[in-house]
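Inspection log for the structure reproduced underneath, given as structure tokens.
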Amino acid sequence: MFQVRIHGRGGQGVVTGAEMLSIAAFLEGRHAQAFPSFGSERTGAPVVAFCRIADKEIRLREPVMEPDALIIQDATLLAQIDVFAGLSENGYVVLNTNHTLEEMGLAEFAQRFRAERVITVSATDLSLKHVGRNAPNVPMLGAFAAVSGLISLDSVAAAIRDKFSGKVAEGNIAAATEAYNIAKARMEAAHA
Amino acid sequence: MGHQEIKFYQTGTFTVGNRLLPPEQRSVQSDIERTNSLNSGHRACQGCGEALGARYAIDAAMRATNNQLVAVNATGCLEVFSTPYPETSWQIPWIHSLFGNAAAVATGVAAANKVKALKAGKALPETRVIAQGGDGGTTDIGFGCLSGMFERNDDVLYICYDNQAYMNTGVQRSSATPPAARTATTMPVGEHPGNEWGQGKNVPLIAMAHGIPYVATASVSDLRDLEYKVKKAMSMRGARYIHIFVPCPLGWGSASHDTIKLARLAKETGLFPVFEAEYGEVTNVSKIRQKQPVEEYLRLQRRFAHLFGKKPRLDEIERFQHMADQNIRKFGLLGDDKATVGYYGAEHE
Amino acid sequence: MLKQCEGSHAVAEAVALSRPEVICAYPISPQTHIVEGLGEMVKKGDIKDCEYINVESEFAAMSVAIGSSAAGARTYTATASQGLLFMVEAVYNASGLGLPIVMTVANRAIGAPINIWNDHSDSMSQRDCGWIQIFAETNQEAADLHIQAFKLAEELSLPVMVCMDGFILTHAYERVDMPTQEQVDAFLPPYSPRQILDPAAPVSIGAMVGPEAFSEVRYLAHAKQMQALELIPKISAQFKEIFGRDSGGLVRPYMLEDAETVVIALGSVLGTIKDTIDEMRADGISIGVLGINSFRPFPVSAIRRSLSHAKRIIVLEKSLAVGIGGIVATDVRMALDGLDKRIYTVVAGLGGRNITRSSLHRVFRLAMHDQLEALHFLDLEWSIVNKELDRERTTRRSGPIAENILRDLGQAKSNVG
């Protein structure tokens, strides 16, 4: 079972992101379970959502406390809450920021993890560019697909079409694709 | 010897009865084919205004709907005296659920009827629904459901039989109890006798504020008018409300034979304005034929006896008179006066 | 057809497939997505010949449902928590009148203090209201149970409450095999009422009944629920024939045959318990779980039969009967009357507190060594509780308990951090 925890703020589509991830996994024939942290979600407040992916029925209902991957949609949360709690050394991190890990002061911290598994992507900019609004959740999924290799970009696109239609869907797919390519390039750079 | 002119009837009265009227103008109740929807043998008190009002209202509604009628009843005197099992007096499909939900239950019945009509390929259901309750079940505990039914404009005629207190439980104050009245919870002791002034609510006006198709007040003193209003209400669709003034000999401390007289005095003093309104605007008022002082009305009821004792409360009686005169002005109850109340926000559909 | 969707959406679709005729909607978390979904389906014409009514309160929702059901329409509504309590008078009325309304309760705690998260306090508060109460373990089962509920309700002329964990199920996306309309139509015939408000054959419904017959009327309500004990497994079997999967029934055993220790629970927490039990079984521990699907009627015989080999029982419940302890546990004790078994009550998950495998491992192991107290509160912060008790001993005007505790918690956290 692969467990993903998504951190963000109310209005950034955190819950929708987890749901789309579960749809993408479902479309690949996997079992998937997505659920929010069930707060009274207010715009701007910290929000957490979870997604489990497995090859058999998922019965577990506890929150994801030891994630295999973290998707952090809002870097300002790093100063507020322990978003990395429970993440193993083999874990994946996708962080939405325009800065590098060094600029974020995370270079030392990141060394605990495998370099090609900790990737930054400017998801907010990509969503503004392709969708016209601050909705980093979809490009983050594109980047996650690249980093984790768990789901294909095609499945992400199909999940987007399940949730959105028309221009919004196409914009989001473009944003996810660009994020996917950026993440791929950065992984290869990290490997090199 | 000159001719003496014989007056068969006076304008505006029906004292001669139905025989002289063309058949279509005769009352439903005078017809051999009346449905006796609320059949005889029930347990209402002697002189019960509610029993009389309900009998006329429901039979009129039956006639208007070609006997395709369901009645929903709030808990209260009417529900209790017309049942229990298996001695129900109701000759029509009838349901009692709770004290405070008659309007909502009726909404449900109307919805079911509508679905059945749709499934049968009809645009509108033939079976219509009436909800009925006393003033407690209408103006107090059932008020939320009533307002909800109004604002959704559900196809329900709600009839309130207003006897101005909780009679079924032993005469306690409701929001329809008049000021200064003695009830079991507003006893005339101390300086300020009876129910407080400046409280209570006028549900017909509140109903009008919802902009619903039809609101009317009626009284058991004018049963032809009551039948006419029920018939008119049933000719319309959507939320409709009729508020019927029904004296209660037990609760008011009045003689059983004075029920009609009291109802007439309530209207003729101006204390109970009888009117119709459509989509929030007053369209018709029943004029006062011979204005009466409020004392005539109050004096017949022991619930106001403390105003007439050794030390008469002329101040209180004067406030009643003021209240009556205000109604007369507001509703234009005298001569050619026009009503000045009404909610003008709603558009006719 | 398999689809990945939200629990609320799956339930809305299952209700839609059941061809409801009147739906009453009033918003309250976490039930709201269900009636939102249904509203959209009615508006779009996906549900035909159906009245969707936005009522002004839960009390009105149940009252409208009473009217429409009595007038012969298949009727559905949904609620949770405070909403269920607000409609209580009408809830009792619906069952007293024998009206086959189906209602989802998206289980949520009851205030004060106000709390929107999951536990079973709401439906447990209505355990004696005369409704059948069935609990869903997964979203698949939640969807399936609604289709079964209409059949059950209408065969018995009794209302059915389908209980599903608020948020944990209602807001979870997971795989659901949605039935086809043909399947549902084959399973669920059109509603044929036992009593109806019909001008062609007038009846009085809901008139007064005195002492001479009231006991008999009440007994018959009980007798109908006893009939449900036989009907629920039958309907579950019929369901399996058409839809090809197990859903519903009275109880659901897992790793039970040889289990010395048996956990009893209701609803979605069964999944987490099963995972825990798999881990404990891998360690060679003799433990199993019995899920209770039908809480009302309470399947006394089925539970007694299922637990015949068990030495000890742990009733893990998301509800608390203040002043005595467990609600489910009390009923389980009655089912096991006269048998020599230790019974532990574990109150867990109140107001949405997470029930984790690690905590379950701990209490199950304590119970196995008979070191658990008879009534245990899972993961209770004793230091906080004791601090408040102490405050009340020493200060008359000690203030609102909930605020005191949250302040203490904040302090505790900042001390750590």
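The values are calculated or read from the model by the stated rules, or taken from the named source; none is laboratory data. Just so it is clear, the model here is predicted, and its values are computed rather than measured. Every residue, glycine as well, gets a Cβ built from its backbone with ideal geometry; the counts of neighbours run over all protein chains shown. Heads up: the accessible areas ignore ligands, DNA and RNA and are worked out on the full protein's heavy atoms, side chains in. Shrake-Rupley method; radii C 1.70, N 1.55, O 1.52, S 1.80 Å.
Annotation: peptides C:193-201, B:249-257, ranked by per-residue average of other Cβ atoms within 10 Å with the highest first, follow the order B:249-257, C:193-201. Taking B:Lys338, B:Lys119, B:Lys267 in turn, the Gaussian network model of chain B (Cα-Cα springs below 10 Å) assigns the largest fluctuation to B:Lys119. Among the listed pairs A:Lys163/B:Lys116; A:Lys56/C:Lys224; C:Lys234/C:Lys318, a Cα-Cα separation exceeding 30 Å is found for A:Lys163/B:Lys116; A:Lys56/C:Lys224. Once all protein chains are placed together, A:Leu87 keeps about 30 Å² accessible to a 1.4 angstrom probe. Projection of the Cα convex hull of the stretch C:2-243, averaged over all directions and equal to a quarter of that hull's surface, yields 13.1 nm². Remark on chain B: ratio of C-alpha radius of gyration to 2.2 N^0.38 Å is 0.99. Projected onto its three principal axes, the C-alpha set of the stretch C:184-263 covers 56, 37, 15 Å, listed from the longest axis down.
To put it simply, the accessible area of the stretch C:1-108 at a 1.4 Å probe is 53 percent carbon and sulfur. Counting charges near C:Tyr26 (Lys, Arg +1; Asp, Glu -1) among other residues having Cβ under 10 Å from its Cβ returns a value of -2. Anisotropy class assigned to the stretch C:1-55 is oblate, per the alpha carbon gyration tensor with a/c at or over the 1.5 cut-off and a/b no larger than b/c.
The phi torsions of the stretch B:125-134, fed into the Karplus equation with coefficients 6.51, -1.76 and 1.60 and a -60° offset, translate into couplings of x, 6, 6, 10, 9, 10, 10, 9, x, x Hz, rounded to whole numbers, with Gly and Pro shown as x.
The stretch B:201-227 and the stretch C:258-335 have Cα centres spaced 59 Å apart. Over chain B, dividing the summed -39,500 (n - 2.57) contributions of all DSSP H runs of at least 4 residues by the number of residues returns a 222 nm mean residue ellipticity of -9000 deg cm²/dmol. By accessible area, using a 1.4 Å probe on protein heavy atoms only, chain B has 51% of its surface on carbon and sulfur.
The calculated FRET efficiency for the pair B:Ala305 and B:Thr169, based on their C-beta separation and a Förster distance of 30 Å, comes to about 0.85.
When the Cα atoms of chain A are aligned to their principal axes, the ranges along those axes come out at 40, 38, 36 Å in descending order. DSSP bridge analysis restricted to the stretch A:2-191 gives an antiparallel fraction near 55%, rounded to the nearest 5.
The antiparallel fraction among DSSP beta bridges confined to the protein assembly as shown stands at about 30%. Between rounded, prolate and oblate, where does chain C land on the alpha carbon gyration tensor, with a ≥ b ≥ c its root eigenvalues, rounded for a/c under 1.5, else prolate if a/b exceeds b/c? The shape class here is prolate. For C:Trp117, the accessible area of its heavy atoms, probed at 1.4 Å with every protein chain present, is near 80 square angstrom.
Within chain C, antiparallel bridges make up roughly 25 percent of the DSSP beta bridges whose residues both belong there.
For chain C, the relative contact order comes to 15 percent (Cα pairs under 8 Å, sequence separation of at least 6).
Shielding of peptide C:169-180 by partners, expressed as the average count of other chain Cβ atoms within 10 Å per residue Cβ, is 5.
Binning all Cα-Cα separations of the protein assembly as shown at 20 Å, short to long from zero, yields these whole-percent fractions: 13, 35, 31, 17, 4, 0, 0. Taking only protein heavy atoms and a 1.4 Å probe, the accessible area of chain A is 49% carbon and sulfur.
GNM remark for chain B: springs join alpha carbons under 10 Å apart, and the peak mean-square fluctuation among B:Val189, B:Val203, B:Val28 falls on B:Val189. Rolling a 1.4 Å probe over the protein heavy atoms gives the stretch B:212-321 an accessible area of 39 Å² per residue.
Association of chains C and B removes close to 2900 square angstrom of accessible area from solvent, both sides included, for a probe radius of 1.4 Å.
May I ask you to list the residues of the stretch C:236-263 whose amide nitrogen lies under 17 Å from a point 7 Å from Cα along the Cα→beta-carbon direction of C:His309? Within reach of a label on C:His309, which here means backbone N under 17 Å from a point 7 Å along Cα→Cβ, the stretch C:236-263 contributes C:252-263. Shielding value for B:73-85 is 3, the average number of Cβ atoms from other chains within 10 Å of each residue's Cβ. Under the criterion of Cα pairs below 8 Å and six or more residues apart, the relative contact order for the stretch C:2-243 equals 24 percent. Near the amide H of C:Val263, within less than 5 Å, lie the amide hydrogens of C:Gly288, C:Val289, C:Leu290, C:Ile314, all on another chain or at least 5 residues away, with H placed in the peptide plane. Amide H contacts under 5 Å for B:Asn195: B:Ala180, B:Ala181, B:Arg182, B:Thr183, restricted to partners 5 or more places along the chain or on a different chain, H placed in the peptide plane at 1.01 Å from N. The three principal axes of the C-alpha atoms in the stretch C:245-323 carry coordinate ranges of 35, 31, 27 Å, sorted with the longest axis first.
Helix-only mean residue ellipticity at 222 nm, chain C, DSSP H runs n ≥ 4 weighted -39,500 (n - 2.57), per residue, nearest 500. What is it? Dividing the helical sum by the residues of chain C leaves -13500 deg cm²/dmol. Considering only B:Asn66, B:Cys77, B:Ile32, the residue lying farthest towards the positive end of the dipole of the stretch B:18-100 is B:Ile32, judged by Cα position with unit charges set on Cβ. Pairs of alpha carbons in the stretch C:130-181 separated by more than 13 Å make up 58% of all such pairs. Note on C:20-26: average number of Cβ atoms from other chains within 10 Å of each residue's Cβ is 3. Pairs over the 23 Å Cα-Cα cut-off, from the set B:Lys231/C:Lys48; C:Lys151/C:Lys240; B:Lys119/C:Lys151; A:Lys129/A:Lys167: B:Lys231/C:Lys48.
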